[in-house]
């Protein structure tokens, strides 16, 4: 979509007040001027947007602001910018343990010789299930607040703590003392994941309650924390697998 707007504001110390045609490209808001080269405002450089009845305010890095005034189509443009800027990326790319460990012999095999799931397979699936479910829930969702609600850091802290307890109960069903020791060991190995979950919770609160001028920036911090959560869970799995095979 494209629409003619009046653009007023300051960018890099330069004051602007002129007419332009605004369009949304794949990764940028494009302002095309009649007598000058077009400006590409990369989505990664937009901190947030605020929309009025016939206006769109674009907040850029370094406190630069552009006010676009036109017609009601700017509301549609604002929604499209948010959808494009706030797509959750693939959170498991480059991680090794979210996929099943290869079949075969050795202490870390995920299937027994007769092809039935092993204890390690069961624990592996239990450990990663909440994060994979959260990732699936936000797939295709482009509203930042909805994403945060679907992949809530506070909920995942409780869920992953419960998972550690369930793994411990599975490995030592007849000894509560041993269960507590295993649970503590798992939480210690996953310390970086839990730390990232706390950061994700805080970033999520900022997305939900923060101002529109920093909404995209807050969302990016939330995504960065989510990446760290998945990486932390992936890193912890090797040590958790050792706990399983040694139990």
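Quick rundown of the values:
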{"quantity": "Choice from 39, 219, 127 with maximal GNM fluctuation in the chain (Cα, 10 Å cutoff)", "calculated": "39"}
{"quantity": "Rel. contact order, % - alpha carbon contacts under 8 angstrom, at least six apart, the chain", "calculated": "17"}
{"quantity": "Centroid-to-centroid separation of region 181-247 and region 1-58 [C-alpha atoms, Å]", "calculated": "36"}
{"quantity": "For region 67-101 and region 120-142, distance of Cα centres in Å", "calculated": "20"}
{"quantity": "Ranking of 175, 84 by count of other Cβ atoms within 10 Å, fewest first", "calculated": "175, 84"}
{"quantity": "Cα shape, region 2-85, gyration tensor, a/c 1.5 rule", "calculated": "rounded"}
{"quantity": "Neighbour-count order for 10, 182, fewest beta carbons within 10 angstrom listed first", "calculated": "10, 182"}
{"quantity": "For the chain, built as a Gaussian network whose Cα springs stay under 10 Å, the top-fluctuating residue of 162, 187, 47", "calculated": "162"}
{"quantity": "Cα long-axis angle, helix 119-138 against the chain (0 to 90 degrees, to the nearest 10)", "calculated": "20"}
{"quantity": "Nearest 10 degrees, 0 to 90: helix 191-209 Cα axis against the chain principal axis", "calculated": "30"}
{"quantity": "log₁₀ of I(q)/I(0) at q = 0.09, 0.10, 0.14 Å⁻¹ - the chain, Debye sum with one point per alpha carbon", "calculated": "-0.53, -0.60, -0.89"}
{"quantity": "Cα shape, region 147-247, gyration tensor, a/c 1.5 rule", "calculated": "prolate"}
{"quantity": "Degrees between helix 215-246 axis and first principal axis of the chain (Cα, 0 to 90, nearest 10)", "calculated": "10"}
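Quick note: the coordinates plus some simple rules give every number you see, no bench work behind them. Please read these numbers as outputs of a predicted model, since none were measured by experiment. Every residue, glycine among them, receives a Cβ derived from its backbone with ideal geometry; neighbour counts consider all protein chains shown.
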